[in-house]
Amino acid sequence: MSEAAGKVRVGRLSDIDPLGSRRLNVNGLEIALFRLSDGEVMAVENRCPHKGGVLSEGMVCGPVVHCPLHDWRIDLRSGEALDPDKGCVTTFETEVTKEGFIFLTLNEPIEGTDAAGADSHIA
């Protein structure tokens, strides 16, 4: 694993309202962060596998986000579209520290990132 892969700090829990979402850009890779009702933070690729809808603009119900374009339901834990639809988005492991920092685990190198997440940006 390269130095650029691994955990990247992407923000604070207080940056995301309960049941809200945020768009995150890590060197051109757009990721959607969701804060569930229990405080858990989930992260997925920010595009629906159907027509590329922006998932961060969708409604969250439990661990599922509804795509705002055609109401496809995407399981935030697995990235899989729920029946009857078929497709998948990439998911990312998240960690929230006791201080409230959100870390995202990147499995592949992303140029220019470091462990402090200096090149990540929450929108």
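Net length available on complete extension from K51 to N107 is 17.7 nm, with 0.36 nm assigned per residue and the Cα-Cα distance removed. If only the Cβ of Lys and Arg carry +1 and only the Cβ of Asp and Glu carry -1, the dipole of region 4-65 around its Cα centre is close to 200 debye. Among the trypsin sites (Lys or Arg not before Pro) found in region 1-86, those both in a DSSP coil and sparsely packed, with 14 or fewer other Cβ atoms within 10 Å of their Cβ, are K51, R77, K86. So the label point goes 7 Å from the Cα of E40 along Cα→C-beta, right? Which residues of region 66-95 then have their backbone N under 16 Å from it? Backbone N within reach: 66, 74-80, 91-95. Applying both filters, DSSP loop and at most 13 other Cβ atoms within 10 Å, to the GluC sites (Glu not before Pro) of region 29-90 gives E40. Potential lengthening of the chain between S78 and T90 amounts to 3.5 nm, from the contour at 0.36 nm per residue minus the alpha-carbon distance.
As a calculated quantity, the FRET efficiency between R12 and V64 at R0 = 22 Å, using C-beta atoms, amounts to about 0.35. A straight Cα-to-Cα reach below 29 Å connects K86 with the lysines K51, residues fewer than 8 places away in its own chain not being considered.
Taken together, the values in this text are just the output of simple stated rules run on the coordinates, not laboratory data. Quick caveat, the model's predicted, so the values are computed rather than measured. Using ideal geometry, Cβ is built from the backbone for each residue, glycine included, and neighbour counts are taken over all protein chains shown.
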